[in-house]
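Attaching a single structure in C-alpha cells format; questions to follow.
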Amino acid sequence: MTTRYTVQVEEADSDIKTLHGNAYLLQVAKAVATGGKASFNVVYASKLLAPHMNVQWTTVYGINWATEMPAQGAIVTYSGKWKQCNLGDSYTLTQDGVWAATQENSNAKENALNIASNDYEVPVHVLVGVQDPSTKMWTPIWFGNNKLLKGSHGEYEPIETVNIWYQQGDQTATMISNQATSIQSYDMPASHPVYFSYDAAKGKWRTPQDVTFNFP
C-alpha cells in the first residue's frame with residue numbers, strides 16, 4: 001500500500017519579507033541509509049516563497065545509476081533508466097546496464113531497495129528516487145557517494161526523515177551545495193501532515209506541530 005507524506009510550511013508576512021530579501025528558496029531533502037548510516041545529499045524539492053508551501057511524496061521508490069558524481073549544486077544526471085523497486089525487492093544491474101529482478105540475494109533486507117550484484121562493466125553510483133503518482137515522473141532524492149564495485153551488492157533504505165532549510169540557488173534534483181539557514185530535521189509520520197515555520201527574527205525554526213500556525 002502506498003503511503004503519502006505531507007510537509008506544510010507556513011510563514012508570517014514579516015518572515016517572508018526577510019527571507020525574500022535574501023532571495024531564499026525553501027529546500028527539502030530526504031534521507032536514505034546505507035551501511036547503517038543515513039545521509040542527505042540531493043534537494044528533493046525547492047520552492048519559491050509563499051505564505052503556504054506544500055511538499056508531498058509517496059513511498060513509490062525507484063533505483064537508477066550513474067558513472068560520474070555531480071559537483072555540489074549541479075543537476076543530478078544518470079546513465080540508466082529508472083526502475084520501480086519496492087522495499088525488500090532485489091535487482092541486478094546487468095552487463096547491458098539494465099535492471100533485472102532477482103530472487104537470489106542472501107543480503108537482501110526487508111526495508112531496503114536491494115541490489116544483488118553490479119554486473120555492469122564498471123563501478124557505478126546508485127541513485128534512489130521517488131515517483132510522482134500523477135505524472136509518473138521520477139525525482140532523485142539520494143546519490144550514492146561511494147561507487148558500487150563490479151560484482152558487489154548494496155542495500156539502500158529510504159528513511160522518512162526530512163531536512164528543511166532556506167537558501168539561495170539550489171533547485172529540485174540538484175546536489176546540495178550549502179545550507180544557509182539552520183536546518184529543521186524531522187521524522188515524518190504517515191498519519192497526518194506536519195506544519196513547519198521559520199522565525200527569521202530569531203534565526204531558527206519554530207517547533208513543528210500537527211496543526212496550522214494560523215498566522216494573521
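Does T207 fit the bill of being in contact (Cβ under 8 Å) with a residue 40 or more places away in the chain, part of a loop (DSSP other than H, G, I, E, B), of a type in the set (S, T, Y) and over 21 Å from S90 (Cα atoms)?
For T207, the condition - in contact (Cβ under 8 Å) with a residue 40 or more places away in the chain, part of a loop (DSSP other than H, G, I, E, B), of a type in the set (S, T, Y) and over 21 Å from S90 (Cα atoms) - is not met.
Any chance you could count how many residues in region 11-32 are open to solvent by less than 10 Å² (accessible area, probe 1.4 Å) and either closer than 28 Å to G129 by Cβ or among the charged types (D, E, K, R) (or both)?
Residues meeting the conditions: 9.
Can you tell me which condition A38 does not meet? The list is (1) open to solvent by less than 30 Å² (accessible area, probe 1.4 Å); (2) part of a strand (DSSP E or B); (3) within 30 Å of G88 (Cβ to Cβ), and all the others hold.
(1)
Which residues, taken from region 142-172, are open to solvent by less than 20 Å² (accessible area, probe 1.4 Å) and part of a loop (DSSP other than H, G, I, E, B)?
G144, D170
Of all residues in region 174-195, which are open to solvent by less than 20 Å² (accessible area, probe 1.4 Å) and farther than 13 Å from V7 by Cα?
Within region 174-195, T174, M175, T181 qualify.
Ok, one more. Step by step: first the residues of region 42-60, then only those that are over 17 Å from E155 (Cα atoms) and not in a strand (DSSP E or B), then the one that is most open to solvent (accessible area, probe 1.4 Å). Which residue is that?
L48
Being of a type outside the set (V, I, T) and in contact with an Asp or Glu (Cβ under 7 Å, 6 or more places away or on another chain) narrows it down to one of G62, G88, G36, G21, so name that one.
Of G62, G88, G36, G21, the one residue that is of a type outside the set (V, I, T) and in contact with an Asp or Glu (Cβ under 7 Å, 6 or more places away or on another chain) is G88.
Which of the following residues is in contact with a strand residue (DSSP E or B) (Cβ under 9 Å, 6 or more places away or on another chain) and under 15 Å from W65 (Cα atoms): T181, T161, T139, T172?
It is T139.
Here's another thing I want to ask about it. Quick one: K136 ticks every box in (1) under 25 Å from Y5 (Cβ atoms); (2) part of a loop (DSSP other than H, G, I, E, B); (3) charged (D, E, K, R); (4) in contact (Cβ under 8 Å) with a residue 12 or more places away in the chain bar one, so which box is it?
It fails just one condition, (4).
The values are calculated or read from the model by the stated rules, or taken from the named source; none is laboratory data. What you see is a predicted model; the values in this text were computed from it and never measured. Here the Cβ is made from the backbone with ideal geometry for all residues, glycine too, and neighbour counts use every protein chain on show. Just the protein is used for accessible areas: all its heavy atoms, side chains included, with ligands, DNA and RNA removed. Shrake-Rupley method; radii C 1.70, N 1.55, O 1.52, S 1.80 Å.
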